[in-house]
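Below is one structure, written out as structure tokens; the observations come after it.
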Number of protein chains: 2
Amino acid sequence: MSVGANYVPRRGWFHSWLDFDVDQVREDLDDLVELGLDHIRIFPLWELVQPNPGLIRESALMDVRTLACEASERGLGVSVDVLQGHLSSFDFLPAWTRTWHASNIFTDPEVIEAESRLMTAFAQCLSDVPGATGLSVGNEIVQFAAHRHPEAAPLTTAQAASWLTAMFEAMRSQWPHGRHTFSYDDDVFFDPTHPFTPDLIAMGDLVTVHSWVFGTVGRHHGKDHPRLALFARYLLEVAHAWAPGKPLWLQEIGAPLTYVSQDEVPDFVRKTLSHASCVPQNRMVTWWCSANVSPSLTRFPEVEYGLGLFDADGHLTPAGRALRDWVKHPEVAPAASGANALAIPAPTDPGARRAVSPDGALFDSWATAIETGTPLTLEVQ
Amino acid sequence: MSVGANYVPRRGWFHSWLDFDVDQVREDLDDLVELGLDHIRIFPLWELVQPNPGLIRESALMDVRTLACEASERGLGVSVDVLQGHLSSFDFLPAWTRTWHASNIFTDPEVIEAESRLMTAFAQCLSDVPGATGLSVGNEIVQFAAHRHPEAAPLTTAQAASWLTAMFEAMRSQWPHGRHTFSYDDDVFFDPTHPFTPDLIAMGDLVTVHSWVFGTVGRHHGKDHPRLALFARYLLEVAHAWAPGKPLWLQEIGAPLTYVSQDEVPDFVRKTLSHASCVPQNRMVTWWCSANVSPSLTRFPEVEYGLGLFDADGHLTPAGRALRDWVKHPEVAPAASGANALAIPAPTDPGARRAVSPDGALFDSWATAIETGTPLTLEVQ
């Protein structure tokens, strides 16, 4: 199983794209290589790369390519998220989609055309970089269609599917051999009102999972509950049940100090990785994130200042040490035998998302089975 | 009377800040000097200079300073708008004021503190540039408090005044000898619901006016109506009546092809300048804008592609020729004698803005007086 990091530049966060500094990038990447990691996921900001639908900045693409080449030269695989979109509570939609130009980014034909051109441009720019593995449509872009979003775009599932199809066509047309994905938070799995339904996860070449214990699972079980370290595995098992035959990617996993006490972090990291790696279909784990947000940057949610493998001064954090140690000496939890499975509803079943929610009976049975030494797979009947 | 241009970079519009190119800037400035202009107004984008409240990018400030120095070396005065904010239908509020971080940019104490620091940083960066004359709070920043704005911030006039006071304090603390202004569209003069009331215009060292005939005056009188060329003068006269004793600045004036036919542009330019220059308190006219928006950039309102003194290929436009010719051979319309004045309500009078609206009797009387050869001043009784 490949282990890597979501690359958050240590100095300047993603605003460092505005002052791209290859020396700083090299330093950051060297640090990650030293931990034993083998890939990174990177995040250009949409509004900087395409500040107008008609302007895809060549220099911005070149900065991304330079970063990808530097990573590649260090033996790191690189996946690039295109539409950011959303990062650590901040939304970076371009001015041409907002206020006087307010547009539904999933249904407006002009916007879709511009987004497709951006996908194509990234694919052309990166497909020949040896370490580059593929693109993602964008980081948790589906948040912009969630009812909980303050400016949610109204959307049907048919429209969501049609939009995703267009994005994948654009990526694959220019980079047919890339492994392209799309990325979503667990709303897609658990929020019954979300227009991006679980059947759509199978559109990616790998099926991704973002595991954040500050969601329902943390609120339901409480801080430091032992089941929090099972959550990433649970998401992977659910993803496998809903998209059988597809390889999986635990694309985001982090140890938020609001739900995992500082002292418990090493244990949480170890157990999470041990469980995530026992799911046979899981190919990759990508830790969120490489570096803490610097305290000099304000208005981030408190949790974002403590998610890094390195702190803002470049020192390894407890999570960083635990990840490094696990990579050196991986422990793998016992996998389910496959003989015994729990039934879950099909991804198109209207009740599916309530049924699999981690505050419900199904999660409870599944977790109990692991705790009692007889892990169960999940299976659509 | 000083005549200049609102500087819109010919290549890349304001997105060119992302790829600041001093050679391109020099070319643009040389073109303006050749027209006989003596000043420019420039527009950094807020979200690029201060992408996080805690991060004011030194390199962005340096780009602005470099532009100001280049202008200064050519004998051009330079005024810098700080909070953009709004430009040509696009809103550039930073991510840290939007969606999950939605804040009232006029009342949130954290935002005001960050804005004040930005004002201070610009003042420190520019006050020693010989040609730099001062700062403006931001381009038509008051639009974000107008009821017609899709995401209008709720605001009282007391809050508006308090916010403006804080901004002026920040600018003046670091640049006491600068001439600092604030900039607003004619909603402040004519929209009775606007929280920024006309008495606030006197806070600037010069009182600014933005004259756009595509507003009420154009809709009421129709395309190519001769009174459209009187509108800038009218705004100046109203501004003088509401802020007597203050020098005036016609900070934006343009010839939108939606209301001024291509053939009529030279006449409109000449007459507008002739009338604006006969108002004794008016010190400056700044044409909007130096260059047409390039057709390669999309989603701009149609009118923005034809407002330049130069077209996207660098050729002088009819407006550019007319402005150059007027600067060489200025004609000045007969001023009002001062003996006869029309009474207008005080700026704090609740009915003032309806009374002075250019679709009303007062404008009609004022314009008729000019047309019949006996121009009248406006005066608060």
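The values are calculated or read from the model by the stated rules, or taken from the named source; none is laboratory data. Computed from a predicted structure; not experimentally measured. Note that each Cβ is placed from the backbone with ideal geometry, even for glycine, and that neighbours are counted across all protein chains shown. These area figures cover heavy atoms from the full protein model, side chains too; ligands, DNA and RNA do not enter into them. Shrake-Rupley method; radii C 1.70, N 1.55, O 1.52, S 1.80 Å.
Odds and ends about this structure:
- Student exercise, the protein assembly as shown dipole from Lys, Arg, Asp, Glu Cβ charges, in Debye to nearest 20: 500
- Beta bridges per DSSP, both residues in the protein assembly as shown: antiparallel share near 10 percent.
- Between the amide H of A:Leu248 and those of A:Val207, A:Asn282, A:Arg283, distances stay under 5 Å, these residues lying 5 or more places away or on another chain, with hydrogens modeled in the peptide plane.
- Placing a label point 7 Å from the Cα of B:Ser127 along the Cα-to-Cβ direction, the distances to the matching points in the other copies come to 5.6 nm, shortest first.
- Think of it as helices only: each DSSP H run of n ≥ 4 in chain B is worth -39500 (n - 2.57), and spread over all residues that comes to -10500 deg cm²/dmol at 222 nm.
- Restricting attention to chain B, close to 10% of DSSP beta bridges with both partner residues there are antiparallel.
- Rg ratio (alpha-carbon, reference 2.2 N^0.38 Å) - segment B:116-263: 1.12
- Position A:Glu371: other-copy label points at 8.6 nm, ordered by increasing distance, label point 7 Å along Cα→C-beta.
- Taking the convex hull of Cα positions in segment B:77-133, its mean projected area over all directions (nm²): 4.8
- Each Lys or Arg adds one and each Asp or Glu takes one away; over the other residues whose Cβ falls under 9 Å from the Cβ of A:Pro44, this sums to -2.
- Residue of A:Pro150, A:Pro347, A:Pro198 that the Gaussian network model of chain A assigns the largest fluctuation, springs spanning Cα pairs under 10 Å: A:Pro150
- Karplus-based coupling profile of segment B:360-365, in residue order and whole Hz: x, 5, 5, 4, 4, 4, with θ = phi - 60° in 6.51 cos²θ - 1.76 cosθ + 1.60 and x standing for Gly or Pro.
- A cut-off of 5 Å between modelled amide H atoms, ignoring neighbours fewer than 5 places along the same chain, links B:Leu342 with B:Thr377, B:Leu378, B:Glu379.
- Fraction of beta bridges assigned by DSSP in segment A:44-199 that are antiparallel (%, nearest 5): 40
- Computed over the alpha carbons of chain A, Rg followed by Dmax gives 19.7, 58 Å.
- Per residue solvent-accessible surface (Å²) - segment A:61-125, probe of 1.4 Å: 26
- A straight line joining the Cα centroids of segment B:133-201 and segment B:253-272 runs 28 Å.
- Springs between Cα atoms under 10 Å define the GNM used for chain A, and in it the highest mean-square fluctuation of A:Phe90, A:Phe168, A:Phe43 occurs at A:Phe90.
- Mean per-residue shielding of peptide A:297-305 is 4, counting Cβ atoms of other chains within 10 Å of each Cβ.
- Calculated from the alpha-carbon coordinates, segment A:1-152 shows an Rg and a Dmax of 15.6, 48 Å respectively.
- Distance from the C-alpha centroid of segment B:1-19 to that of segment A:1-72: 30 Å, rounded to the whole angstrom.
- Restricted to Cα atoms, segment B:231-381 shows a radius of gyration and a Dmax of 17.0, 53 angstrom.
- Backbone HN-Hα couplings from phi across segment B:325-331 [Karplus 6.51/-1.76/1.60, Hz, Gly and Pro as x]: 5, 5, 4, 5, 10, x, 9
- Solvent-accessible surface of protein heavy atoms, probed at 1.4 angstrom with all chains present, puts B:Val327, A:Val78 in the order B:Val327, A:Val78, largest first.
- Straight-distance crosslink candidates among aspartates and glutamates, where the alpha carbon sits under 12 Å from A:Lys328 and sequence neighbours closer than 8 are dropped: A:Glu34
- Phi-based couplings in Hz for segment B:281-296 (Karplus 6.51, -1.76, 1.60; Gly and Pro marked x): 7, 7, 9, 9, 10, 10, 6, 9, 8, 5, 9, 4, 5, 5, x, 6
- Binning all Cα-Cα separations of segment A:119-160 at 5 Å, short to long from zero, yields these whole-percent fractions: 5, 19, 19, 16, 12, 12, 12, 6, 0.
- Pairs of C-alpha atoms in segment B:221-306 farther apart than 14 Å represent 66 percent of all such pairs.
- Ranked from shortest, the separations from the 7 Å Cα-to-Cβ label point of B:Ala341 to its equivalents in the other copies are 8.9 nm.
- Accessible-area order (highest first, 1.4 angstrom probe) of the listed residues B:His329, A:His210: B:His329, A:His210
- Close amide-amide hydrogen proximity is noted between B:Thr133 and B:Val78, B:Ser79, each under 5 Å apart and 5 or more residues distant or on a separate chain (H modeled in the peptide plane; Pro and chain starts excluded).
- Heavy atoms of B:Lys328: accessible area, 1.4 Å probe, square angstrom to 10: 130
- For B:Lys223, the lysines whose Cα comes closer than 25 Å to its Cα, not counting residues fewer than 8 places off in the same chain, are B:Lys271.
- Taking chain A as a Gaussian network of alpha-carbon nodes connected by springs under 10 Å, the highest mean-square fluctuation of the residues A:Gly338, A:Gly254, A:Gly215 belongs to A:Gly338.
- Apportionment of accessible area to carbon and sulfur, segment A:1-121, percent (1.4 Å): 49
- Farthest towards the positive end of the charge dipole of the protein assembly as shown, among the residues B:Trp242, A:Leu323, A:Thr165, is the Cα of B:Trp242, using unit charges on the Cβ of Lys, Arg, Asp and Glu.
- The 1.4 Å probe gives accessible areas that order B:Thr377, A:Thr348, largest first, as A:Thr348, B:Thr377.
- The fraction of all Cα pairs in the protein assembly as shown landing in successive 20 Å bins from 0 to the largest distance is 16, 43, 27, 12, 1, 0, given as whole percents.
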